[in-house]
Amino acid sequence: MSRSTTVWQLLFVATYACLADRAIAQQAPAHSDVVIKNAIVMTATHGNLKNGSVYIKDGKIAAVGVSVDAPPSATVIDAGGKYLTPGIVDSHSHLALDDDVNEATSPVTPQMMMQDAFDYQDKAIYRALAGGVTTSLLLHGSANMIGGQAVVIKHKYGAGRDAMLFPNAPRSIKFASGENPKRVYGSRHELPSTRMGNFAVQRDALVQAQDYMRSWDEYNAKVKRADKDATAPKHDLKLEALADVLRGKLMVQIHCYRADEFETEIAMAKEFGYHIRAFHHALEAYKVPEKLAAENIGIATFADWWGYKQEAWDAIPWNAVMAMRKGVRVAIKSDSNDFARRLNQEAAKTMRYGGATEEEALKMITLNAAWIIGVDDKVGSIDVGKDADLVLWDGYPLSSAAVPNKVFIDGDVYFDRSLPGYGMPHYTEGQ
């Protein structure tokens, strides 16, 4: 055997082993029973539990208490008196979408699917995970008056693409009003170029969707009557998506800053019969909080961003708490790969600006954020039956000093600061 042949054989074996390791890493890890004991358990729903324990079975929270009934075979993690919180939920993110966040070729693109742009190997997923984020809503950008459909992920960095998709998460769609759409299309001398143009485009698209639904209803009625002249309308992906908005099958998430535009969007939703799940950014929510609360519309807002554009001029850092005190469900979101790493600190700012309680601040990055996404029945608090998405911190979580020691998703450790090699139990080098 020649030396060159041996080298090629070794390269083949090494490559095969690398691919095999990578395939193994992308498989979901086998769940094992785990007990996290001796923790300050911040439940987000029923206060803190000192010297508490959480029993995880089959990826779910099976028991929470001072003591839990777990089998002797369960793996025990001693928290050493550290804090345990629900996994952080980011209700407005664009990470792992690269440059594909906007389809700016048309102001109405509801047929676009952010899942098709999702780069599951993006390191930003890992960096957010290292900051305690376990779930994110990845939204279309704000260039379009009606944008594309979002994707919800769990930050299982190192796993395969499909393993990161949040199972059975409700569908959301991104609308956007204000400066962004009019700037994008107005600069090309296209409609919309004004705020009136924005809403004219939105209303026209929804009327088209009504007509589309009516044509299909008429066709289906003819089929039911066995009418031989029944001709099926042409399928239209854009109008089918908007029809799902009108049917209530897509949750409407709206990029919107100004109080006057909240009222216009609410009026339009009533006109066409759909419900707005949340206003995102929502920096003037403090001006009309009663109206948002009356419609059960949440907000996903910044803790203290203001003055960076005209429609952010009236923003104040008391916005989140002022809206919350009037009954609005409030989440603090990132809208930034950088801020996603420190959402615990962003939530803590609401304690400084407005006097949010510890539990209220925690809810803004856990349970309230999960509600905006529509997954609050599965994540967002430490309650029996929910997914075991948890963060064990090395200090008080609502501070600038604490960092996650371990991050659990579905009961498995996906980040462990004590490990070498990026702290990733399921990470494959070169992946």
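Is there a residue being surrounded by fewer than 20 Cβ atoms within 10 Å (Cβ to Cβ) and under 18 Å from the mean Cα position of the chain (by Cα) anywhere in segment 363-376?
Yes - at least one qualifying residue is present in segment 363-376.
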note = Out of (1) within 25 Å of Leu138 (Cβ to Cβ); (2) not in a helix (DSSP H, G or I), the one Gly355 does not meet is (1)
ask   = Can Asp335 be described as on the phi > 0 side of the Ramachandran plot, among the acidic types (Asp, Glu) and not in a strand (DSSP E or B)?
value = yes
query = Any idea which of Ser136, Ser142 is within 24 Å of Thr43 (Cα to Cα), at pLDDT 95 or above, surrounded by 20 or more Cβ atoms within 10 Å (Cβ to Cβ) and among the polar types (S, T, N, Q)?
reply = Ser136
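Scan segment 105-137 for residues that are of a type in the set (D, E, K, R) and more than 17 Å from Ser91 (Cα to Cα) and jot them down.
Step one: of segment 105-137, the residues of a type in the set (D, E, K, R) are 116, 119, 122-123, 127.
Asp116, Asp119, Asp122, Lys123, listed by residue number.
Of all residues in segment 34-55, which are under 22 Å from Lys363 (Cβ atoms) and in a strand (DSSP E or B)? Even if it seems obvious, please write down each step before you answer.
Going residue by residue through segment 34-55, those that are under 22 Å from Lys363 (Cβ atoms) are 36, 39-50, 52, 54.
Answer for segment 34-55, where residues must be under 22 Å from Lys363 (Cβ atoms) and in a strand (DSSP E or B): Ile36, Ala39, Ile40, Val41, Met42, Asn48, Leu49, Lys50, Gly52, Val54.
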key: Members of segment 98-139 that are out of contact with any Ser or Thr (no Cβ under 8 Å at 6 or more places or on another chain), part of a loop (DSSP other than H, G, I, E, B) and without any contact (Cβ under 8 Å) to a residue 60 or more places away in the chain   = Asp98, Asp99, Asp100, Val101, Thr105, Ser106, Met112, Phe118, Asp119, Tyr120, Asp122
inquiry  = Which of the numbered conditions does Ser93 fail, given that it passes all the others? Conditions: (1) in contact with a Ser or Thr (Cβ under 7 Å, 6 or more places away or on another chain); (2) closer than 30 Å to Ile146 by Cα; (3) at pLDDT below 95.
reply    = (3)
key: Qualifying residues in segment 305-317 (those that are modelled with pLDDT of 95 or more and surrounded by fewer than 16 Cβ atoms within 10 Å (Cβ to Cβ)) - the one farthest from Ala176 (Cα to Cα)   = Ile316
ask   = Which ones in segment 182-236 are under 21 Å from Gly248 (Cβ atoms), under 32 Å from the mean Cα position of the chain (by Cα) and among the basic types (Lys, Arg)?
value = Arg203
ask   = For Arg329, are the conditions met, namely being among the basic types (Lys, Arg), surrounded by fewer than 17 Cβ atoms within 10 Å (Cβ to Cβ) and within 21 Å of Pro289 (Cβ to Cβ)?
value = no
message = Of all residues being in a loop (DSSP other than H, G, I, E, B) and not small (Gly, Ala, Ser) in segment 67-86, which is nearest to the chain's Cα centre (by Cα)? Just the residue, please.
response = Lys82
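Hey, can you tell me all the residues within segment 282-301 that are in a loop (DSSP other than H, G, I, E, B) and either among the β-branched types (Val, Ile, Thr) or closer than 15 Å to Gly178 by Cβ (or both)?
Keep residues of segment 282-301 that are in a loop (DSSP other than H, G, I, E, B), which gives 282-284, 288, 295-297.
Ala282, Leu283, Glu284, Val288, Ile297, listed by residue number.
Which ones in segment 40-61 are crowded, with 21+ Cβ neighbours inside 10 Å and in contact with a Phe, Trp or Tyr (Cβ under 7 Å, 6 or more places away or on another chain)? Before the answer, list the steps.
The first filter runs over segment 40-61 and keeps only residues crowded, with 21+ Cβ neighbours inside 10 Å, leaving 41-44, 52-56, 61.
Residue satisfying the conditions is Met42 alone.
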inquiry  = Just to be sure I understand, how many residues within segment 87-97 are assigned to a strand (DSSP E or B) and of a type outside the set (Asp, Glu)?
reply    = 5
task = Go through segment 145-155 residue by residue and tally those that are in a loop (DSSP other than H, G, I, E, B) and surrounded by fewer than 24 Cβ atoms within 10 Å (Cβ to Cβ).
result = 0
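Look through segment 63-120, keep the residues that are of a type in the set (Val, Ile, Thr) and within 23 Å of Asn344 (Cβ to Cβ), and return whichever of them is surrounded by the most Cβ atoms within 10 Å (Cβ to Cβ). Break it down stepwise before answering.
The first filter runs over segment 63-120 and keeps only residues of a type in the set (Val, Ile, Thr), leaving 64, 66, 68, 75-77, 85, 88-89, 101, 105, 108-109.
From the residues that got through so far, the ones that are within 23 Å of Asn344 (Cβ to Cβ) too are 64, 77, 85, 88-89.
Details: Val64: 19, Ile77: 21, Thr85: 27, Ile88: 32, Val89: 29.
Of everything passing the filter in segment 63-120, Ile88 is surrounded by the most Cβ atoms within 10 Å (Cβ to Cβ).
Considering Glu311, Glu360, which residue is over 15 Å from the mean Cα position of the chain (by Cα) and closer than 29 Å to Pro170 by Cα?
Details: Glu311 fails: closer than 29 Å to Pro170 by Cα.
Criteria check complete, one pass: Glu360.
Regarding Ala388, is this residue surrounded by 24 or more Cβ atoms within 10 Å (Cβ to Cβ), in contact (Cβ under 8 Å) with a residue 24 or more places away in the chain, closer than 23 Å to Ala39 by Cβ and in contact with a helix residue (DSSP H, G or I) (Cβ under 9 Å, 6 or more places away or on another chain)? Walk me through it before giving the result.
On the way: surrounded by 24 or more Cβ atoms within 10 Å (Cβ to Cβ): yes; in contact (Cβ under 8 Å) with a residue 24 or more places away in the chain: yes; closer than 23 Å to Ala39 by Cβ: yes; in contact with a helix residue (DSSP H, G or I) (Cβ under 9 Å, 6 or more places away or on another chain): no.
So Ala388 fails the test.
Based on what the data block shows, is Ala369 in contact with a Gly (Cβ under 9 Å, 6 or more places away or on another chain), aliphatic (A, V, I, L, M) and under 16 Å from Ile332 (Cβ atoms)? Outline the logic, then answer.
Details: in contact with a Gly (Cβ under 9 Å, 6 or more places away or on another chain): yes; aliphatic (A, V, I, L, M): yes; under 16 Å from Ile332 (Cβ atoms): yes.
Yes; evaluated as a whole, the condition is true for this residue.
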ask   = Are there any pairs, at least 6 apart or on different chains, whose C-beta atoms fall under 8 Å, with the first in segment 182-210 and touching a residue at least 40 places away in the same chain (Cβ under 8 Å) and farther than 21 Å from Gln310 by Cα and the second surrounded by fewer than 21 Cβ atoms within 10 Å (Cβ to Cβ) and among the aromatic types (Phe, Trp, Tyr), and if so, which?
value = Leu206/Phe272; Gln210/Phe272
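The values are calculated or read from the model by the stated rules, or taken from the named source; none is laboratory data. Computed from a prediction, not measured in an experiment: that's the story for all the values here. Note that each Cβ is placed from the backbone with ideal geometry, even for glycine, and that neighbours are counted across all protein chains shown.
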